[in-house]
Amino acid sequence: MIDVVVVGGGPVGLYLAAVLLQHGVSVSVLERRAVADTHSRAIGIHPPSLEALDQTGVAAGLVEDGVAIRCGVAICGGVEVAEMSFDSVSGRYPFVLSVPQARTEAALERRVRELDGGAIHRGVTVTGIHDDGSAVVVDVLTAAGESRIQASLAVAADGVRSTVRELLGTRARLKMYPDRYLMGDFTDGTAFGPVAALFLEVPGIVESFPLPGGVRRWVARLPEALPEPPTAGSLARIVRDRTGIAVDAGSNSMLSSFGVRSRLVNRMIHGRISLIGDAAHEISPIGGQGMNLGWLDAAELAPLILSQLAHTAREPELRSFERHQLRAAAKAARQSEINMALGRPLPRPLWQVRNRLIGCAAGVPAINSRVAARFTMH
């Protein structure tokens with residue numbers, strides 16, 4: 001019997017596995033995907049997450065590979081109305097690191113394999129999970145057929161469509177939002193360099209973030225009705241119409257359209273089984289907090305797992321972890337709602353008032369620093 005089964009081999013599950021392996025815990029990571037995903041998806045790593053990732057030895061390499069975003073600007077009608085610096089948010093990592101999720105996963109997977117070459121199992125589908133009071137029994141299906149794994153503990157880090165959450169019947173609050181976005185990565189033809197830019201325009205927000213290799217990500221709030229299926233060309237047109245910036249549609253390397261919802265479970269701890277990351281709390285991608293929340297869940301849970309394996313963990317400690325992380329997720333969800341509200345279309349008079357208010361608030365150092373801390377999860 002192994003110590004811990006981690007269901008989900010994404011960035012959160014791999015990080016937890018690396019932390020536990022470094023403490024001599026035997027770990028088995030079960031990942032449904034047969035091969036690693038190359039989609040860039042999440043790109044922003046906040047300072048607290050970099051501090052957590054440093055515990056596994058991968059932070060330095062990611063910083064070297066990524067783009068350090070040290071400030072962001074808000075632009076309205078072609079005029080810069082606010083600038084937000086991240087200099088004060090962390091002594092060691094005073095920036096948000098922009099690096100494609102695929103590279104982050106690859107770095108964590110290399111670290112796990114360095115610690116235990118046989119820890120990761122791909123092409124594995126979990127079909128059942130049961131806590132019998134003394135161990136966790138996980139039923140799995142692979143190309144070789146059905147089998148059963150026994151472990152002292154199990155952690156579900158299997159994402160927004162968590163199989164384990166469904167098997168446990170965990171209740172969750174689900175909220176749907178009217179917002180839809182289109183994002184894509186293109187060759188960077190701007191002069192922004194390592195600066196993030198938010199274009200707060202009358203028809204809706206356009207966000208722009210640098211990526212390594214001379215690439216830039218553009219994210220635009222979509223109108224309620226599009227006359228055509230979203231394409232790289234339609235995103236380029238939205239960017240041009242709202243910002244005046246020409247984007248080369250032919251250089252597109254990733255395109256994704258997505259809606260927004262939030263989900264928060266009522267329990268993260270189910271006896272010997274825990275839910276973390278998107279399996280426990282799904283929030284809007286706007287603000288880039290989801291993946292980071294998962295890492296912070298794992299960082300807080302790891303010491304408790306060590307205590308559980310040593311039979312020294314107390315129930316109040318596990319419930320305290322659960323309450324703290326669910327509060328953090330609820331706070332992040334509220335922040336994402338504010339971010340989305342700022343990006344919705346507005347009549348021009350209200351748009352002008354909002355822009356003046358943003359400019360005035362950004363001009364107050366204390367407010368600027370506090371907002372920067374909120375955006376970077378400090």
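The values are calculated or read from the model by the stated rules, or taken from the named source; none is laboratory data. Since the structure is predicted, the reported quantities are computational estimates derived from the model, not experimental observations. Glycine also receives a Cβ, built like all others from the backbone with ideal geometry; neighbour counts cover every protein chain displayed.
Points worth noting:
- Selection status of A74, of a type outside the set (S, T, N, Q), assigned to a strand (DSSP E or B) and farther than 24 Å from I273 by Cα: yes
- Scanning the stretch 139-176 for residues that are closer than 23 Å to P303 by Cα and not polar (S, T, N, Q) yields A151, L153, A154, V155, A156, A157, D158, G159, V164, R165.
- Number of the condition not met by L200 [criteria: (1) surrounded by 19 or more Cβ atoms within 10 Å (Cβ to Cβ); (2) more than 20 Å from the chain's Cα centre (by Cα); (3) within 30 Å of G8 (Cβ to Cβ)]: (3)
- Against the numbered list (1) over 17 Å from A196 (Cβ atoms); (2) surrounded by 21 or more Cβ atoms within 10 Å (Cβ to Cβ), P100 comes up short only at (1).
- When the stretch 48-88 is filtered for residues that are modelled with pLDDT of 95 or more and on the phi > 0 side of the Ramachandran plot, only G57 remains.
- For the residues V29, V4, the requirement of being surrounded by 22 or more Cβ atoms within 10 Å (Cβ to Cβ) and either over 18 Å from I276 (Cα atoms) or touching a Gly at 6+ places or on another chain (Cβ under 9 Å) (or both) singles out V29.
- Scan of the stretch 71-93 for residues that are within 23 Å of Q352 (Cα to Cα) and either crowded, with 17+ Cβ neighbours inside 10 Å or touching a residue at least 24 places away in the same chain (Cβ under 8 Å) (or both), ordered by number: G72, V73, A74, I75, C76, G77, G78, V81, A82, E83, M84
- Contact annotation: residue pairs with Cβ atoms under 7 Å, 6 or more positions apart or on different chains, pairing a residue in the stretch 246-258 that is of a type in the set (D, E) with a partner that is not in a loop (DSSP other than H, G, I, E, B), are D248/F186; D248/T187.
Table: residues versus (1) under 15 Å from the mean Cα position of the chain (by Cα); (2) more than 29 Å from I149 (Cα to Cα); (3) modelled with pLDDT under 95.
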residue	(1), (2), (3)
G294	yes, no, no
P303	no, no, no
P316	no, no, yes
R334	no, yes, yes
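- The selection criterion, being surrounded by fewer than 16 Cβ atoms within 10 Å (Cβ to Cβ), on the phi > 0 side of the Ramachandran plot and touching a residue at least 60 places away in the same chain (Cβ under 8 Å), does not hold for G145.
- Of the residues making up the stretch 167-217, those that are touching an Asp or Glu at 6+ places or on another chain (Cβ under 9 Å), closer than 30 Å to V140 by Cα and among the small types (G, A, S) number 1.
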